[in-house]
Amino acid sequence: MLFTVVLTHLCYAQEFAPLNAEWHYQKWSINDDYFVDYYSAKAERDTMINGNYATILTYKANGTVIPDAEIIIREENSKVYFYENNSFKLLYDFTLSVGDTLTFSVPQNFYYYDISCGPGPDTSSLHLAQVTIDSIFPNIFDNQSLDVFYTTPIYDNSAQYFSWQLGPIVERIGCYYGMFGLSTTQCLGGDFGHFRCYSDSILTYYLSVEDCNYTTTGINNVADKLPVSVYPNPATNAITIETTLRQNAF
């Protein structure tokens, strides 16, 4: 007797942090000719948590894997979550409209990803942050039309909220101000870090004057650096970070 066995393979996918997606960021430096630290995050493994498909981001600081900085990411219905303390916490929500408020969580190991030099928030309390969606504009990234969400931080004096900001958030790519945004409690002077490049199986996006290969371009090369302006100086509740991006970025 002949039996036919049919094996069904369930395929999972997510728009944000799909397998092999990779981000590169440059960190804060004292001045242009000072060695600049950098980090990368790559979705190298997938996993199932409580029936939810997710990918695991491997973090490298200056090319060295840091296990404590690992993050688990899940995307569902245009909302992005990270897994921490046995639950998925909201990071981005690309279903929001202009004028809406995004209340999001910052991971406890945020300091690995922060590109600023200011003191970090107290992780012993509930670490939430809020931003307002000021505007949303579609832009072309490597022939892909993606929405860019421009945000402004909301400052709350209660202990549960961080002084934190996201800046522009791009669908699929995420935040330019570090993987999870940055602290708005800043020190003065120096060069703030910034996004360098992103790639996955269908999209590659990088700044026109930089690439992802730190070993060949030379991270100390002043010619490869973006002009960055931070104001006002001194700052009180908010700062503005200006840099030059490739022409089709915004």
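Where a number appears in this text, it was derived from the coordinates with a stated rule and is not lab data. Please read all numbers here as calculations on a predicted model, not as lab measurements. As a convention, Cβ positions derive from the backbone with ideal geometry for all residues, glycine included, and neighbour counts pool all protein chains shown.
At-a-glance table
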read-out: Full-extension gain in nm, Ser78 to Thr101, via 0.36 nm per residue minus C-alpha separation; value: 6.7 nm
read-out: Approximate spin-label separation Ile154-Thr132, in nm, with each point projected 7 Å along Cα-to-Cβ; value: 0.9
read-out: For segment 136-152, Karplus couplings with θ = phi - 60° (6.51, -1.76, 1.60), whole Hz, Gly/Pro x; value: 9, 9, x, 9, 9, 10, 6, 6, 10, 8, 10, 7, 10, 9, 8, 10, 10
read-out: Neighbourhood charge, 11 Å Cβ-Cβ cut-off, centred on Leu146 and excluding it, Lys, Arg +1 and Asp, Glu -1; value: -3
read-out: Gained length - Asn139 relative to Thr47, 0.36 nm times residue gap less alpha-carbon distance; value: 30.0 nm
read-out: Nonlocal amide H pairs with Gly181, under 5 Å, H built at 1.01 Å; value: none
